[in-house]
Amino acid sequence: MKIIVGLGNIGEKYENTRHNVGFMFIDELIKELGKEVSMEESPKFKAEIGKISHEGEDFLLVKPTTFMNLSGEAVSKILNFYKENPKNLFVIYDDVDLPLGKIRVRDKGSAGTHNGMKSVIQQIGTENFTRIRIGIESRGVSSPKQQDISDFVLSKFKGEEISEVKKAMEEGIKELKNLIISK
């Protein structure tokens, strides 16, 4: 089974914020697959989860409900319960160091400045899993350079930015499909 995790923060307050690109990606993936998926909250896993089969492959779609900085708790619980190897883990998250709408795919690597990824790596004990990073715009381009990074990532996208983010998600979904086929 492949486990696809979108990182974000729960609650209406955080909807459509830069830090919730991972959650938005999961929603777009469900639409792209054209299947009914019921995302249900699981206190056991500290996440909203949905199961789906597509082209003979089983997938678990995950949105941690722990808030961003503790995302690893949910990921670790799920990997342990399903006895899955991190090679079957795909994590999608925002990256403040990438320009808006750019994506970067890596099979391993550090968390950089992303606290959600720091939590995932710490909790599962490895950096060897696939991640898709979606650029949310480096500070200083569409926001003041002196803006606090936490304020920036928790800010909502401006109207014209949404289309760039949607294009990046479409590209990310294509990349994800290619990765899943190749693994």
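What follows is calculated from the coordinates using simple rules that are stated; it is not laboratory data. What you see is a predicted model; the values in this text were computed from it and never measured. A quick note on method: Cβ atoms are made from the backbone with ideal geometry, for glycine too, and the neighbour counts reach across all protein chains shown.
Rounded to the nearest angstrom and listed largest first, the equivalent-ellipsoid semi-axes of the stretch 31-131 from its Cα gyration tensor are 21, 17, 14.
With both residues required to sit in the stretch 2-182, DSSP beta bridges show an antiparallel share near 55%. Taking all Cα pairs closer than 8 Å and separated by 6 or more residues, the relative contact order of the chain comes to 25 percent. Placing +1 on the Cβ of every Lys and Arg and -1 on the Cβ of every Asp and Glu, with no other charges, gives the chain a dipole of roughly 460 debye about its Cα centre.
Helix 159-182 and the longest principal axis of the C-alpha atoms of the chain enclose an angle of approximately 30°. Annotation note: trypsin sites (Lys or Arg not before Pro) in the stretch 1-100 located in DSSP loop regions with a Cβ neighbour count of at most 14 within 10 Å are 35, 44, 83. Within straight cross-link reach of residue 44, meaning Cα distance under 20 Å, which lysines are found once same-chain residues fewer than 8 apart are removed? Here the lysines satisfying the reach criterion relative to residue 44 are 2, 63, 77, 83.
Mean projected area of the Cα convex hull of the chain, taken over all directions, amounts to 9.6 nm².
Reported to the nearest whole Å, the Cα centre-to-centre distance from the stretch 51-119 to the stretch 1-30 is 10.
Here the Gaussian network model covers the chain, with springs between Cα atoms less than 10 Å apart; of 130, 66, 113, 113 fluctuates the most.
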